[in-house]
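*Asks:* Have a look at the structure that comes next, please.
No lab work stands behind these numbers, since they all come straight from the coordinates. Since we're looking at a predicted model, the values are computed, not measured. Cβ coordinates were reconstructed from backbone atoms using ideal geometry, including for glycine residues, and neighbour counts include every protein chain displayed.
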Amino acid sequence: MAIRYRGERAAAEGEIESFCACVRAASGAATAGEWFDSLLDDPNACGPDLLAAMAGRGWRHLEHAERLPRFLTRLAETPQADFAAVARDLAVIPRLRLPVLMVLREAAPDSAIGQRLAGLGH
């Protein structure tokens, strides 16, 4: 996938805007889920811009039973990301509503998600 290669090259060169543009452009492809998996495996790749691109354009790939919890965990681990807003936006999507709510409900209190949820009550 040429867009993935271009995006990875942009990321290596520190061109975050180009990288995120490539992620958004590739989000419609069936193979984007595999790229999302590799990005979610790399904590250095998962900044707020990337997570926003994944949630905004690639939410269909978050319907995956393992990918959604990993995405929400990375989101919770990213202090610059607005965890509550992104989780709420994903929960508004009918096909993601129940899976998002289940991940949030099942989060251990000491997990990144649990800590972010606890911080919302203050």
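*Asks:* Which one, (i) 36, 17, 12; (ii) 25, 16, 11; (iii) 37, 12, 11, gives semi-axes √(5λ) of the Cα gyration tensor in Å as derived from the coordinates shown?
*Replies:* Computed from the coordinates, semi-axes √(5λ) of the Cα gyration tensor in Å corresponds to (ii).
*Asks:* Cut-off is 10 Å between beta-carbons; in what order do Cys46, Cys22 appear when sorted fewest neighbours first? List each step's numbers first, then the result.
*Replies:* Values: Cys46 21, Cys22 24.
Ordered from fewest to most neighbouring Cβ atoms within 10 Å, Cys46, Cys22 come out as Cys46, Cys22.
*Asks:* Provide Leu101, Leu96 in ascending order of the number of other Cβ atoms located within 10 Å of each residue's Cβ, fewest first.
*Replies:* Details: Leu101 13, Leu96 20.
Sorted ascending by nearby Cβ count, the order is Leu101, Leu96.
*Asks:* Residue separation times 0.36 nm, minus the C-alpha to C-alpha distance between Gln80 and Asn44: what's the value?
*Replies:* Numbers: separation 36, 0.36 × 36 = 12.96 nm, distance 1.34 nm.
The span from Gln80 to Asn44 would gain 11.6 nm if fully extended.
*Asks:* Starting with the highest mean, order 64-76, 7-19 by the number of other Cβ atoms within 10 Å, averaged over the residues of each peptide. Can you show the working numbers first?
*Replies:* On the way: 64-76: 19.1, 7-19: 15.0.
Packing proxy ranking, top to bottom: 64-76, 7-19.
*Asks:* As a test of the formula, what do you get for the chain when each DSSP H run with n ≥ 4 contributes -39,500 (n - 2.57) and the sum is divided by the residue count, at 222 nm and rounded to the nearest 500 deg cm²/dmol? Could the numbers behind the result be given before it?
*Replies:* Numbers: 8 runs with 85 residues, N = 122.
Computed ellipticity for the chain at 222 nm equals -21000 deg cm²/dmol.
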